[in-house]
1. Which one is nearest to E:Arg4 (Cα to Cα), of the residues in the stretch E:18-31 that are buried (at least 24 other Cβ atoms within 10 Å of the Cβ) and over 13 Å from the mean Cα position of the chain (by Cα)?
2. Of everything in the stretch A:147-160, what is more than 7 Å from every other protein chain (Cβ to nearest Cβ) and either within 15 Å of A:Gln217 (Cα to Cα) or without any contact (Cβ under 8 Å) to a residue 40 or more places away in the chain (or both)? Give them in sequence order.
3. Hey, E:Thr175 hits all of (1) part of a loop (DSSP other than H, G, I, E, B); (2) among the hydroxyl-bearing types (Ser, Thr, Tyr); (3) farther than 25 Å from D:Ile218 by Cβ but one; which does it fall short on?
4. Could you tell me how many of the residues in the stretch B:32-41 are assigned to a loop (DSSP other than H, G, I, E, B) and surrounded by 20 or more Cβ atoms within 10 Å (Cβ to Cβ)?
5. Taking only pairs six or more apart or across chains, which ones have beta-carbon atoms under 9 Å, a first residue in the stretch B:68-97 that is touching a residue at least 60 places away in the same chain (Cβ under 8 Å), and a second residue that is of a type in the set (Phe, Trp, Tyr)?
6. So, in the stretch D:60-92, how many residues would count as being surrounded by 19 or more Cβ atoms within 10 Å (Cβ to Cβ), among the β-branched types (Val, Ile, Thr) and under 14 Å from D:Ala6 (Cα atoms)?
7. Quick check on this structure: which one of B:Ala10, B:Ala6, B:Ala49 is surrounded by fewer than 23 Cβ atoms within 10 Å (Cβ to Cβ) and among the small types (Gly, Ala, Ser)?
8. For the stretch F:178-190, which positions are outside any helix (DSSP H, G or I) and either in contact with an Asp or Glu (Cβ under 6 Å, 6 or more places away or on another chain) or touching a residue at least 40 places away in the same chain (Cβ under 8 Å) (or both)?
6 protein chains.
Amino acid sequence: MTARPALVIAPHPDDEVLGCGGTIARLTDQGVPVTVLVVSADLPPLYPADVRGRVHQEALAAHAVLGVTDSEFLDFPSVELSRMSVAELTGGVQRVVDRLEPATVFIPFPDRHVDHRAVFDAGMVATRPVGAGTGIAMVAMYETISETYWNAPGAEPTFSPNWVVDITETVGAKTAAFAEYDSQVQEYPSARTTQALEALALFRGSQAGMEYGEAFQIVRMLTGEQLPWQA
Amino acid sequence: MTARPALVIAPHPDDEVLGCGGTIARLTDQGVPVTVLVVSADLPPLYPADVRGRVHQEALAAHAVLGVTDSEFLDFPSVELSRMSVAELTGGVQRVVDRLEPATVFIPFPDRHVDHRAVFDAGMVATRPVGAGTGIAMVAMYETISETYWNAPGAEPTFSPNWVVDITETVGAKTAAFAEYDSQVQEYPSARTTQALEALALFRGSQAGMEYGEAFQIVRMLTGEQLPWQA
Amino acid sequence: MTARPALVIAPHPDDEVLGCGGTIARLTDQGVPVTVLVVSADLPPLYPADVRGRVHQEALAAHAVLGVTDSEFLDFPSVELSRMSVAELTGGVQRVVDRLEPATVFIPFPDRHVDHRAVFDAGMVATRPVGAGTGIAMVAMYETISETYWNAPGAEPTFSPNWVVDITETVGAKTAAFAEYDSQVQEYPSARTTQALEALALFRGSQAGMEYGEAFQIVRMLTGEQLPWQA
Amino acid sequence: MTARPALVIAPHPDDEVLGCGGTIARLTDQGVPVTVLVVSADLPPLYPADVRGRVHQEALAAHAVLGVTDSEFLDFPSVELSRMSVAELTGGVQRVVDRLEPATVFIPFPDRHVDHRAVFDAGMVATRPVGAGTGIAMVAMYETISETYWNAPGAEPTFSPNWVVDITETVGAKTAAFAEYDSQVQEYPSARTTQALEALALFRGSQAGMEYGEAFQIVRMLTGEQLPWQA
Amino acid sequence: MTARPALVIAPHPDDEVLGCGGTIARLTDQGVPVTVLVVSADLPPLYPADVRGRVHQEALAAHAVLGVTDSEFLDFPSVELSRMSVAELTGGVQRVVDRLEPATVFIPFPDRHVDHRAVFDAGMVATRPVGAGTGIAMVAMYETISETYWNAPGAEPTFSPNWVVDITETVGAKTAAFAEYDSQVQEYPSARTTQALEALALFRGSQAGMEYGEAFQIVRMLTGEQLPWQA
Amino acid sequence: MTARPALVIAPHPDDEVLGCGGTIARLTDQGVPVTVLVVSADLPPLYPADVRGRVHQEALAAHAVLGVTDSEFLDFPSVELSRMSVAELTGGVQRVVDRLEPATVFIPFPDRHVDHRAVFDAGMVATRPVGAGTGIAMVAMYETISETYWNAPGAEPTFSPNWVVDITETVGAKTAAFAEYDSQVQEYPSARTTQALEALALFRGSQAGMEYGEAFQIVRMLTGEQLPWQA
């Protein structure tokens, strides 16, 4: 029997690793096909013409580390996603969801980055429990180290995880995948470093009785058969 | 292989049916052992001496309808749970959790009924992800028709479900089990009626692409192996 | 003495029925003039050219069932309201409010549908307690079965009603009006069905001691004279 | 026709004036009977034996200024309400609600003062929409200058009013009633002063297009007949 | 030693006075340089051509009353800020932050006015704790009398202040500065009046043991050396 | 000039280290006197008779590592603080606050541990901005690794820090102090380990541009003179 696929929706290249890298590697280790859908690219005129191609190569290298089955790029303009036609942005995401029929979909938490909120919105619409959407068993939001922690407490939502995946065996793959993003990795102390990623994974795991964990906030879980972990 | 058990913690007899009746019946249909732990009883001097025994019999009859494996009764005094020794109340619940080693635990949403909040607190402590608690795959809160909808919006938390279980095949068992509680069933239009229960199940299901559903708000899901619904 | 009018603002045709159908029918039964303002239409290029006209006719038929006094259509493009000029969208709504001088205004809860949020915003601005707005006794948000229940708990607001109107006598008119929307009514089990609508009405009512109810979350109530229900 | 009564539940003497003084005076001006139920008294051993009697006299004088119809005192021990038997505290409040059959009930916002939270809980139970409770048209929470503003933002609920009553004509009666509480009035700048009370009333009113206002957060409004302000 | 500057970001001219006028005057009294950055102007075609210049003069007069060191005007079109290019709006604010290297930044609470939310977003991005942003000791949100109190409780965030600045000595300068805005000052009872401003200041102060206060909700405080108030 | 003291209120011995260890060490390094007030002890009959004394010695050793000026122990019974007389518990804390006249007070976040909530409540009352309380410049809540992360998202408050203190120079003292608590330190992977503490500090710091940080959620900051970090 073939496992049903999982889908990770990333506003920008590297968000899929920051938020779900360890879980992606676990899934692919176990034969679950994982598609990463990267929504935006750094395009002219806001960015030099060569940036898009360079980051694209980094993404493919990172995905190879994690065993990603399929990497798709919508190439919408980063920073300005919130000003795109709603129909066009959501439509782009919806088509991938409809074609893939995933069992699990990971979307970004709607945090400080306005692009994250636009992709969260598109992902929420594309995974509504209607039509094919009723076959999705889980929609969950991931945290993006840095932007998720730069919100305004009380005026914006706070990431409050209720699901932790044990990534003890794959935390190394997660940081290795992040290291492939030469253009994004920063010097410590900065939010975007392998040290910070590893510390967050250790912290999340330790609060759940695991060595390393990845934490998610669940949007919607639908259980049609028996509770799957009871099997 | 024997399935790991599920545990439903009910402040008062009937809460387990109102909140989880359909899911209990699904689980027992599939061979999952389900323990219902009833925390309180209506005891003198607040209640006449014969109430406890009568409701106890109703509970056993209701549990039989749902196929409940094991019914346990702590017989703490209803209405006054919040004034009990924290150690005694939590200890009573903790001992059951430790002995049972459940994969799933259902606890009440901390709503208008002060006993619900006391049992929520005890259940939260007894399922912390430490020691045996790290083996619990899911802790979830259920809604109790009536009390859950008599809160003060903005001053108290609102039940916001993120998990729906399809109970299309067992909604009849749920309402039949509730009907066994002669002492609790009321006349329509009242919150505690089979009509209201069925309407809520239809409403919850219809928002999730199911005919009838039971909705929960997840406290904590821990995934140690692969995402179970991906298998 | 002529009763002051009520205004229901609907992002799309049918939202006014889903959220307020029973209350509209009560009001018109009692001689209160009710205006329904439909903000958007399904227009080309996103929709075929004939859709707008067909849905328009359905709306008029539904409004006739409810006894709506006046049906107004702004015909802004559905799906893309959030990208319209703020001044144009809000201005369109404001002009109706200013002309009508309503005592009650119903606006959509800002839920999963991005158009609902745009119309919520416009409605909130148009009913501010300044100028003519100080004469509005009540602004309330209604729930839209489906979209209101497809939000992300904890990351988006949850509908938390604090006002229930008894619609026992008009729930039939509500479902009959919805049935006029041939293009919107779906097959059960789906969110947009008369079964789901009726179940929600029974559930809302039963939590408030009524046979059928319609629930609202209050934005602002202004009481200039005595508490009106004390009279 | 006799107007149905209103009930104001005060944890301590003076809370009814701080939170509802202007509204009480409006109601009694218009012939609505208003009962004030004072739940606690400052009793030995925490307080000297003469305090209770002195404050009792102040309360009667304050109530006379506002035209209160009936003043009831439960004389439970202040500061320690949260440790009372739930049945006894709630029962005390419930008996008054059941006897009075009020149309409107005002309860304190559950704020920094632990007694306020205990009385909020008791008031919430006593006004549930069951039995006689289905006849209550409005349950609302009032703010208590000082305690309501000494909470911990983000960790405790924030008072978010959605109802403003115009007290332009009775703000003077409100501050005069407060001035009767010699034992409670403090020196400016302090929270418990007529200056602060008047400033809050002016502020609340000015945000709602009134000269002076009193603000409430609604728990539950039930509308059985037509929307009363539409008449 | 020269004090590091403070920056107040105002969506429209007068917001800086309404939210921070007393604090600005305190800072400038003590020799701290304060820059006010006004983001928008009332421009054609939404406004007559002469409005921008007139309000600009009022702003300069108001700033003179408060001792503002530097007044900057981005002249983006008011009402429509939310539809601007994210890069352009944020870029405009970011350049001022980068050049100024402020120790404190005040931004508007994201309230009912859609422009306030757009400027809040831009201010949040421009003050992220990266690069020069790590030198900002405090980012705080201010309240804007009127818009901040016209939100929808439960569906939108409520201003919940956790910082009060004593403005007893400068509340007169605050209301005098506001009085310079002839085009904005309204008649009482209206939200935008010196009476309402003074009442709010008295209320905020009285809840904090001060004669007059200005209240803020903190986004982020970074303490690199010793706790500064301990010195 | 002598610096005004800081006060750290700990429900149980070790909470002060887990939540504030790095900040305490920074303060004492700079000559600020720091008092730690430990509210409870593990007493018979819930605990063996020798536990209290042993943990007491560990606390003194830990405090020595951090340079704590004064260690006070109220010796109220742990686990059962929530059932104590409100007057007695709050009174015990209030007396220390009144005597010490601190500039800064750290209290626990009201999290999963019911004792933490009781001490939070007592600390909130004891630091109200009345009388001597108006001299307190800062009241802040600290996080307690483990209990703070075992809450029920959506039903209980989530810790949302808005203040980060740089503890790069003292994180070693923090973990060394924790290591003195032989009876509390656990094996990794567990929440109560030096590894988890250090990971959290690195994570908190990295989100704020620091190598290691300690994060707090502010209850109330009062600024009577100039903004202290502007000096």
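The values are calculated or read from the model by the stated rules, or taken from the named source; none is laboratory data. All values derive from a computational prediction rather than experimental measurement. All Cβ positions, glycine included, derive from the backbone under ideal geometry; neighbour counts span all protein chains shown.
1. E:Leu27
2. A:Glu147, A:Thr148, A:Phe159
3. Of (1) part of a loop (DSSP other than H, G, I, E, B); (2) among the hydroxyl-bearing types (Ser, Thr, Tyr); (3) farther than 25 Å from D:Ile218 by Cβ, only one is false for E:Thr175: (1).
4. So the answer is 1.
5. Cβ pairs passing all conditions: B:Ser78/B:Tyr47.
6. 1
7. Answer to the check: B:Ala49.
8. Answer for the stretch F:178-190, where residues must be outside any helix (DSSP H, G or I) and either in contact with an Asp or Glu (Cβ under 6 Å, 6 or more places away or on another chain) or touching a residue at least 40 places away in the same chain (Cβ under 8 Å) (or both): F:Glu180, F:Tyr181, F:Asp182, F:Ser183, F:Gln184, F:Pro189.
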